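The values are calculated or read from the model by the stated rules, or taken from the named source; none is laboratory data. All values derive from a computational prediction rather than experimental measurement. Please note: Cβ atoms are built from the backbone with ideal geometry, for glycine as well, and neighbour counts cover all protein chains shown. Keep in mind that these areas ignore ligands, DNA and RNA; they rest on the heavy atoms of the full protein, side chains included. Shrake-Rupley method; radii C 1.70, N 1.55, O 1.52, S 1.80 Å.
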Amino acid sequence: MRSTVRKAGLAFFAAALAFAGAVYGVTRPASADVTSRLTAPQLVADLGAGWNLGNQLEANASGIPGETAWGNPVVTQALIDRVKASGFKTIRIPVSYLGNIGAGPNYTVSSAWLTRIAEVVDYAYNQGLYVLINMHGDGYKSVTGSWLICDSSDQSTIKARYQKVWQQIATKFQSYNEHLIFESMNEEFDGQYGNPTSTCYSNINAYNQIFVDTVRRTGGTNASRWLLVPGWNTNIEYTAGNYGFVLPTDQYRSSSIPSGEQRIMISVHYYDPWDFTGQEDGAITQWGSAASNPAKRSTWGQEDYLDTMLKKMHDAFVVRGYPVFVGEYGAIDKTSFDSANNTYRTNFARALVSTAKKYGAATAYWDNGYNGQYGFGLFDRGNATVTQPGIISAIITAAGGGQPTTAPTTPPTTRPTTPPTTAPTTGPGGTGACRVTNAVNAWNTGLTDNITITNTGAAAINGWTLTFTLPTGQTITSGWSATYAPTSGTVTATNAGYNGSLSAGGSTTIGYQATHTGNAAAPTGFKLNGTTCA
């Protein structure tokens with residue numbers, strides 16, 4: 001979805017919040033021919049129900065990407081575990097690069113940003129989920145620092161930068177197996193909602209070709225990895241119809257792929273009718289044949305239209321061996337205008353997923369992390385809990401999966417349905433130049449703790465360590481935004497490369513996941529660079 005619109009209330013209200021990253025994550029190697037074992041129908045079936053980690057890694061403040069820039073909390077393993085426990089098998093992670101790209105001719109992407117992207121990918125990938133990453137906000141004219149502009153006059157520079165950035169991304173993830181899929185770009189078009197222009201569409205086709213060639217030439221699993229490409233603005237009509245979309249060739253793919261099989265997928269989005277799915281008012285709150293009030297139901301875009309649109313993708317691509325991925329769909333929350341609205345949001349999601357499945361397409365629900373009026377959220381990202389169980393159940397069932405009913409008793413797999421949450425606690429008393437607060441979420445044998453560190457002194461801090469003592473029986477199993485050693489007893493957390501500087505009054509949030517044997521209390525004895533924190 002467009003990165004600079006409100007996306008139901010998040011994009012602008014917190015543009016100044018700081019970026020926070022993570023330094024935990026491992027990569028599992030894979031042989032280069034793993035992806036050649038999945039045919040198109042097998043891939044679509046295996047992708048199952050998908051979910052978007054929206055408004056996070058594509059968020060930005062003044063053109064600098066940062067996952068908290070639009071008001072969402074730092075992405076955690078606990079959130080991804082909750083998504084998996086809810087039945088989703090695929091997570092699409094929109095990513096922007098923007099000001100994290102250096103100058104030409106090398107266009108070097110910030111190593112810290114690539115590291116954080118990999119860490120978030122690993123949260124899902126290491127749990128056996130499929131993961132899609134793309135280039136999301138770099139093509140919107142309204143985004144500060146955007147550059148992937150299809151009607152710009154300087155296409156040679158754009159294409160050189162695009163090639164270099166994708167070369168770095170592909171190299172970073174070269175050894176990941178078939179559970180990682182690359183998507184060339186997001187809703188690329190000229191910003192005008194009329195018919196495509198031939199010049200701009202020609203450039204979009206060129207970007208897709210550069211993407212495929214660049215990824216393939218990096219070798220390893222990338223030579224046979226499934227790749228996802230969109231047409232004009234991910235619009236079904238403008239992609240399947242006779243408007244100028246050209247499938248990229250795949251001449252550099254691995255010879256291990258059978259000649260009669262494809263390894264390219266087609267990306268589209270579905271938000272029709274917009275007056276129901278995304279228009280921020282209370283006029284249209286119902287959808288489908290079950291609507292009880294005709295005045296609240298749009299005059300178009302119902303089940304028959306949905307079927308027609310997805311059949312177009314089937315007839316244009318699926319029958320030729322190119323699977324389709326509906327990478328975004330959903331409807332905003334209008335229950336403040338119509339208490340029955342969630343019923344129709346559920347019906348819409350169920351119909352989209354079941355119709356896509358009928359026509360050989362996989363899907364991913366758009367979740368922007370926002371719950372409440374005009375929000376798309378299915379989860380509370382702050383405490384990793386479900387907020388829309390009815391919509392989730394409809395999606396999982398329509399995709400052919402079962403709804404999980406129990407949770408395992410040991411992390412780091414999935415969480416119980418509603419983990420008990422302790423109230424945020426404050427670090428022990430004491431005067432000094434720092435303040436620490438904790439937010440502990442605990443369940444049977446595990447917990448997460450988000451720790452916010454504030455520099456209350458008059459001078460900036462450049463480089464920090466935070467020491468604290470874990471209660472007896474607690475052991476850290478993973479962490480983010482710092483390194484942690486040892487994993488029990490008195491622990492020292494050392495800043496990551498991108499959060500080591502704390503201005504006077506500045507804050508950063510770090511965190512970890514731990515096991516416990518019955519005592520899930522917060523740590524004690526916080527000291528920042530040796531100074532006791534209040």
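Thr171 - would you say it is assigned to a helix (DSSP H, G or I) and open to solvent by 20 Å² or more (accessible area, probe 1.4 Å)?
Yes; evaluated as a whole, the condition is true for this residue.
Kindly check whether there is at least one residue in the range 356-363 that is over 15 Å from Asp272 (Cα atoms), without any contact (Cβ under 8 Å) to a residue 12 or more places away in the chain and among the hydrophobic types (A, V, I, L, M, F, W, C).
No, every residue in the range 356-363 fails to be over 15 Å from Asp272 (Cα atoms), without any contact (Cβ under 8 Å) to a residue 12 or more places away in the chain and among the hydrophobic types (A, V, I, L, M, F, W, C).
Out of the residues in the range 329-355 meeting the condition of being out of contact with any Asp or Glu (no Cβ under 8 Å at 6 or more places or on another chain), of a type in the set (Ser, Thr, Tyr) and over 18 Å from Ala295 (Cα atoms), tell me which one is most open to solvent (accessible area, probe 1.4 Å).
The selected residue is Ser354.
Given the residues Pro196, Pro230, which is the only one that is crowded, with 16+ Cβ neighbours inside 10 Å and either within 15 Å of Tyr322 (Cβ to Cβ) or without any contact (Cβ under 8 Å) to a residue 40 or more places away in the chain (or both)?
Selected residue: Pro230, the only one of Pro196, Pro230 that is crowded, with 16+ Cβ neighbours inside 10 Å and either within 15 Å of Tyr322 (Cβ to Cβ) or without any contact (Cβ under 8 Å) to a residue 40 or more places away in the chain (or both).
Can you list residue pairs whose Cβ atoms sit under 7 Å apart, with the first residue in the range 516-534 being buried (at least 22 other Cβ atoms within 10 Å of the Cβ) and the second being of a type in the set (Lys, Arg) and assigned to a strand (DSSP E or B)? Count only pairs 6 or more apart in sequence or on different chains.
Cβ pairs passing all conditions: Cys533/Arg435; Cys533/Lys527.
Out of the residues in the range 122-143 meeting the condition of being free of Cβ contacts under 8 Å to residues at least 60 places away in the same chain and either assigned to a helix (DSSP H, G or I) or charged (D, E, K, R) (or both), tell me which one is most open to solvent (accessible area, probe 1.4 Å).
Filtering first and then ranking leaves Lys141.
If you take the residues in the range 509-534 that are over 32 Å from the mean Cα position of the chain (by Cα) and part of a loop (DSSP other than H, G, I, E, B), which one is farthest from Thr76 (Cα to Cα)?
This residue is Gly530.
Hey, Gln42 hits all of (1) under 30 Å from Ala398 (Cα atoms); (2) in contact (Cβ under 8 Å) with a residue 40 or more places away in the chain but one; which does it fall short on?
Checking Gln42 against (1) under 30 Å from Ala398 (Cα atoms); (2) in contact (Cβ under 8 Å) with a residue 40 or more places away in the chain, the one that fails is (2).
List the pairs whose first member sits in the range 308-319 and is within 12 Å of Lys358 (Cα to Cα), whose second member is of a type in the set (D, E, K, R) and part of a helix (DSSP H, G or I), and whose Cβ atoms are under 9 Å apart, counting only residues at least 6 apart or on separate chains?
Leu310/Lys358; Lys311/Lys358; His314/Lys358
What do you reckon, is Val326 under 23 Å from the mean Cα position of the chain (by Cα), in contact (Cβ under 8 Å) with a residue 24 or more places away in the chain and either farther than 30 Å from Thr68 by Cβ or open to solvent by less than 10 Å² (accessible area, probe 1.4 Å) (or both)?
In short, yes.
Would you check which residues across the range 149-167 are under 19 Å from Asn106 (Cα atoms) and either small (Gly, Ala, Ser) or open to solvent by 40 Å² or more (accessible area, probe 1.4 Å) (or both) and list them?
Hits for the range 149-167 are Asp154, Ser156, Thr157, Lys159, Ala160, Arg161, Gln163, Lys164, Gln167.
Taking the stated definitions as given, is Trp274 open to solvent by 50 Å² or more (accessible area, probe 1.4 Å), closer than 27 Å to Gly54 by Cα and under 28 Å from the mean Cα position of the chain (by Cα)?
Yes: the conditions hold for Trp274.
Return the residue satisfying two criteria in turn: it lies in the range 356-394 and is polar (S, T, N, Q) and open to solvent by less than 20 Å² (accessible area, probe 1.4 Å), and of such residues it is farthest from Ile264 (Cα to Cα).
Among residues in the range 356-394 that are polar (S, T, N, Q) and open to solvent by less than 20 Å² (accessible area, probe 1.4 Å), the one farthest from Ile264 (Cα to Cα) is Asn368.
Regarding Ile266, is this residue surrounded by 21 or more Cβ atoms within 10 Å (Cβ to Cβ), in contact with a helix residue (DSSP H, G or I) (Cβ under 9 Å, 6 or more places away or on another chain), of a type outside the set (Gly, Ala, Ser) and more than 30 Å from Gly219 (Cβ to Cβ)?
no
For Ser146, state whether it is surrounded by 17 or more Cβ atoms within 10 Å (Cβ to Cβ), touching a residue at least 24 places away in the same chain (Cβ under 8 Å) and small (Gly, Ala, Ser).
yes
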